[in-house]
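Structure record follows, encoded as structure tokens.
Throughout, read-outs are computed from the coordinates displayed, never taken from laboratory work. Keep in mind it's a predicted model, so treat the numbers as computed, not measured. Quick reminder, even Gly has a Cβ in these numbers, built from the backbone with ideal geometry, and neighbours come from all protein chains shown.
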Amino acid sequence: MKKSKIKLGVSGACGRMGSRIISLALEDKDFDVVVGLEKEGHPEIGKRISGVNIVSSCESFKEIDGLIEFSAPQSSVEHLAVALKYKLALVLGTTGFNDQEQKKILAASKKIPIVFSPNMSFGVNALFHLLREAVIRLPQDYKVSITEAHHVHKKDAPSGTAKFLAQIIKDEKGNLNEDIRSIREGEIVGDHEIVFESPWDTIKLSHSAKTRDILVLGALAAMKFVAGKSKGLYSMADVLKSLRKR
């Protein structure tokens with residue numbers, strides 16, 4: 001029996017991430033890109049880009065199976081409500097949510113399936129695992145620091161990924177020895193480095209993204225994983241686990 005395609009919607013369709021998600025999804029036989037969402041007043045609204053309608057109304061969500069969302073927290077929460085209305089699968093890569101907004105995401109996951117991660121990259125999610133192992137195995141007297149670097153257009157600092165790395169350290173070690181160092185420079189896609197320092201040695205864990213495509217490929221894999229599920233809150237660790245079983 002032929003597998004039906006996932007009817008996909010992309011939020012922030014004309015932005016850096018959104019346009020690339022559409023491009024790679026159009027090359028993937030598992031997707032039918034139905035709609036691209038942009039904020040009201042955007043000059044591309046009403047046009048078709050690579051055969052995809054660019055719209056500002058969330059009513060178009062009734063035509064899709066799942067939404068990939070990389071935008072601002074306020075917009076993401078608004079789109080979350082519409083995803084609930086139409087029972088959509090949601091891949092949520094937006095960062096910078098406050099506690100109340102995160103509670104809304106958790107509540108929504110009781111009714112719809114959501115993959116929520118501060119970073120969709122396979123490599124960064126492997127870094128999360130390696131960091132947890134390092135923190136558990138190294139003595140407490142190692143001092144730990146985090147440095148992250150992104151392009152000048154990135155609004156949040158520290159990055160959501162850096163905050164997640166810090167949370168892993170705090171969960172296992174109890175504290176981070178220094179504030180996260182954030183760099184905003186040029187067109188850096190995304191660099192993260194964790195340094196463990198002792199009087200005897202230095203241990204470094206790092207990840208450097210060469211292209212945004214690594215984030216896009218992770219987001220598309222996440223949508224394939226979550227589409228068709230009835231509900232639940234999932235991470236990229238769940239997505240990677242499912243890929244290993246194939």
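Of note:
- Inter-label distance, residue 152 to residue 231: 4.8 nm, where each label sits 7 Å from its Cα along the C-beta direction.
- Whole-Hz Karplus values for the stretch 34-51 come out as 8, 8, x, 9, 9, 5, 4, x, 5, x, 8, 4, x, 9, 10, 10, 6, x Hz, taken residue by residue from phi with 6.51 cos²θ - 1.76 cosθ + 1.60 and θ = phi - 60°; glycine and proline positions read x.
- Estimated dipole of the chain in Debye, rounded to 20 [Cβ of Lys and Arg +1, of Asp and Glu -1, Cα centre]: 1100 debye
- Taking Cα centre as origin and charging only the Cβ of basic (Lys, Arg, +1) and acidic (Asp, Glu, -1) residues, the dipole magnitude of the stretch 5-143 rounds to 240 debye.
- Residue among 209, 144, 168 farthest towards the positive dipole end of the stretch 122-209, charges placed on Cβ: 168
- Cα long-axis angle, helix 99-108 against the chain (0 to 90 degrees, to the nearest 10): 50 degrees
- Estimated 222 nm signal from helices in the chain, with DSSP H stretches of n ≥ 4 weighted -39500 (n - 2.57), rounded to 500: -11000 deg cm²/dmol
- Percentage relative contact order, the chain, counting C-alpha pairs under 8 Å, at least six apart: 20 percent
- Ranked packing of 111-121, 13-23, 234-244, most packed first, by mean Cβ within 10 Å: 111-121, 13-23, 234-244
- Three-way shape call for the stretch 51-144 based on the alpha-carbon gyration tensor, with the a/c threshold at 1.5: prolate
- Cα-centre dipole for the stretch 122-209 with unit charges at Cβ (Lys and Arg positive, Asp and Glu negative), debye to 20: 200 debye
- DSSP bridge pairs, the chain: antiparallel proportion in percent, nearest 5: 40 percent
- Of 62/155; 29/224; 7/104, those spanning more than 19 Å from alpha-carbon to alpha-carbon: 62/155; 7/104
- For residue 188, the amide hydrogen comes within under 5 Å of the amide hydrogens of 151, 152, counting only partners 5 or more places away or on other chains and with H modelled in the peptide plane.
- Each listed q (0.13, 0.15, 0.17, 0.24 Å⁻¹) maps to a log10 I(q)/I(0) for the stretch 122-209 from the Debye sum over equal C-alpha point scatterers, namely -0.40, -0.52, -0.66, -1.21.
- In this structure, the amide hydrogen of residue 31, modeled 1.01 Å from its nitrogen in the peptide plane, lies closer than 5 angstrom to those of 6, counting only residues at least 5 positions away or on a different chain.
- Candidates 221, 58, 31 compared by Cα position along the dipole of the chain: farthest toward the positive end lies 31, with charges placed on Cβ.
- Helix 213-226 axis, angle to the chain major axis (alpha carbon atoms, nearest 10°): 70 degrees
- Scalar couplings 3J(HN,Hα) for the stretch 164-176, obtained by applying the Karplus form with A = 6.51, B = -1.76, C = 1.60 to θ = phi - 60°, are 5, 4, 4, 5, 4, 4, 5, 4, 9, 9, x, 6, 10 Hz; x denotes Gly and Pro.
- Evaluating 6.51 cos²θ - 1.76 cosθ + 1.60 at θ = phi - 60° for every residue in the stretch 73-90, the Karplus couplings come out as x, 4, 5, 4, 5, 5, 6, 4, 5, 6, 4, 4, 4, 9, 6, 8, 6, 10 Hz, glycine and proline recorded as x.
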